[in-house]
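Q: Quick one: the structure is below, questions incoming.
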Amino acid sequence: MTADDNNNSYISENIKLIKERVKTAAQKSGRNAEDITIIAVSKTVELERIKTALKEGLVNLGENRVQELLEKYDALENQCQWHLIGHLQTNKVKYIIDKVRMIHSVDSIELAEEIQKRAQKANRTIDLLVQINVSGEETKFGISPADAKEFIRKLSTFDHINVKGLMTIAPYTENPEDTREVFRELRKIFIDINAENIDNINMEFLSMGMSNDFEVAIEEGANMVRIGTSIFGKRHNI
Ligand SMILES: *Cc1c(COP(=O)(O)O)cnc(C)c1O
């Protein structure tokens with residue numbers, strides 16, 4: 001079924017299938033379905049359809065635009081946890097600092113400094129992931145693998161920030177097998193950094209895998225997958 005059907009049962013169906021696929025992939029890597037957090041990427045998706053996902057137990061929602069997140073936040077406030085997964089402009093940190101469970105896309109010291117400053121003002125500590133540009137594509141944001149350790153060492157001195165792990169966006173490929181190397185590489189960096197035992201740094205989450213490649217990502221160690229299209233159907237631009 002498609003997003004154009006006038007009821008949302010296709011979303012429930014999609015979610016059941018995805019949960020099955022997540023479980024199978026988790027088992028392949030010696031883990032359980034419960035070890036994997038599915039983030040329902042709700043960008044461009046209206047409230048009605050998002051509520052269907054919430055009903056199916058997907059309470060972690062991912063948005064990549066601040067304005068859209070804020071609008072939905074007001075409507076859904078206590079029913080879910082918000083993840084900012086897209087590139088975040090420094091001047092927008094103040095709008096989301098008290099609203100998000102986690103920022104997945106920290107990609108510069110300036111951004112980290114602003115998050116630290118705003119979190120301090122809001123009297124909270126915020127969990128974040130460092131975005132790594134594993135593939136080195138110029139169009140992608142993220143810290144290069146070679147700079148990751150040094151970057152995280154710097155962040156470890158910020159007392160209102162908890163670095164909880166790493167995130168990457170793999171290049172789109174027809175065959176998800178082609179992205180396996182990217183996920184493997186990110187996991188290596190994750191393990192490396194953990195082994196450094198840096199003060200205040202606990203590498204807990206590996207956010208990688210989207211609709212096209214989440215199974216491969218889980219097989220390679222992901223414990224957060226960000227899935228949009230496979231849940232809600234094809235996006236219509238708004
Ligand atoms: C849109 C988006 C996703 C989800 O993409 P799908 O292919 O629709 O699953 C995941 N991560 C980020 C950062 C995104 O912007």
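The values are calculated or read from the model by the stated rules, or taken from the named source; none is laboratory data. Bear in mind the structure is a predicted one, so any value in this text is a computation, not a measurement. Every residue, glycine as well, gets a Cβ built from its backbone with ideal geometry; the counts of neighbours run over all protein chains shown. Surface areas here come from the heavy atoms of the whole protein model, side chains and all, with no ligands, DNA or RNA. Shrake-Rupley method; radii C 1.70, N 1.55, O 1.52, S 1.80 Å.
Q: Is region 142-149 home to any residue that is part of a helix (DSSP H, G or I), open to solvent by 10 Å² or more (accessible area, probe 1.4 Å) and free of Cβ contacts under 8 Å to residues at least 24 places away in the same chain? Even if it seems obvious, please write down each step before you answer.
A: Of the residues in region 142-149, the ones part of a helix (DSSP H, G or I) are 145-149.
The next check asks that each one be open to solvent by 10 Å² or more (accessible area, probe 1.4 Å); those that pass are 145-147, 149.
Checking the rest, the ones that are also free of Cβ contacts under 8 Å to residues at least 24 places away in the same chain come to 146-147.
Scanning region 142-149 turns up at least one residue that is part of a helix (DSSP H, G or I), open to solvent by 10 Å² or more (accessible area, probe 1.4 Å) and free of Cβ contacts under 8 Å to residues at least 24 places away in the same chain.
Q: Collect the residues in region 194-238 that are part of a loop (DSSP other than H, G, I, E, B), open to solvent by 60 Å² or more (accessible area, probe 1.4 Å) and either out of contact with any Ser or Thr (no Cβ under 8 Å at 6 or more places or on another chain) or within 16 Å of the ligand (Cβ to nearest atom) (or both), keeping them in residue-number order.
A: Within region 194-238, Glu196, Asn197, Asn202, Glu204, Met210, Lys234, Arg235, His236, Asn237, Ile238 meet the criteria.
Q: Let me ask another. Can you tell me how many residues in region 150-164 are open to solvent by less than 50 Å² (accessible area, probe 1.4 Å), touching a helix residue (DSSP H, G or I) at 6+ places or on another chain (Cβ under 8 Å) and more than 16 Å from Ile85 (Cα to Cα)? Don't jump to the end; show me each part of the working.
A: Taking region 150-164 and keeping what is open to solvent by less than 50 Å² (accessible area, probe 1.4 Å), we get 151-152, 155-156, 158, 160-161, 163-164.
In the following step, the residues that additionally are touching a helix residue (DSSP H, G or I) at 6+ places or on another chain (Cβ under 8 Å) were identified as 151-152, 155, 158, 160-161, 163.
Still in the running and more than 16 Å from Ile85 (Cα to Cα): 151-152, 155, 158, 160-161.
Final tally of qualifying residues: 6.
Q: Being free of Cβ contacts under 8 Å to residues at least 60 places away in the same chain, on the phi > 0 side of the Ramachandran plot and open to solvent by 20 Å² or more (accessible area, probe 1.4 Å), is that true of even one residue in region 4-18?
A: no
Q: Test of understanding: among Ile38, Ile50, Ile85, which residue is more than 14 Å from Phe232 (Cβ to Cβ) and either surrounded by 13 or more Cβ atoms within 10 Å (Cβ to Cβ) or within 14 Å of the ligand (Cβ to nearest atom) (or both)?
A: Ile85
Q: Okay, moving on. Among Asn91, Asn64, Asn78, which is the only one that is within 13 Å of the ligand (Cβ to nearest atom), open to solvent by 30 Å² or more (accessible area, probe 1.4 Å) and more than 19 Å from Val163 (Cα to Cα)?
A: Asn64
Q: Between a residue in region 156-174 that is of a type in the set (A, V, I, L, M) and any residue that is more than 16 Å from the ligand (Cβ to nearest atom) and assigned to a strand (DSSP E or B), which pairs come within a Cβ distance under 9 Å, given they are 6 or more apart or on different chains?
A: Ile161/Ile126; Ile161/Asp127; Val163/Asp127
Q: Test Ile189 against the criterion of being modelled with pLDDT of 95 or more, at negative phi and either open to solvent by less than 30 Å² (accessible area, probe 1.4 Å) or not in a helix (DSSP H, G or I) (or both), and give yes or no.
A: yes
Q: Filter region 10-47 for residues that are hydroxyl-bearing (Ser, Thr, Tyr) and closer than 27 Å to Leu69 by Cβ and give the result.
A: Residues of region 10-47 that are hydroxyl-bearing (Ser, Thr, Tyr), as a first pass: 10, 12, 24, 29, 37, 42, 44.
Result: Tyr10, Ser12, Thr37, Ser42, Thr44.
Q: Working carefully through the options Ile201, Ile193, Ile189, find the one that is of a type in the set (A, V, I, L, M) and over 20 Å from Phe141 (Cβ atoms).
A: Unique residue meeting the criteria: Ile201.
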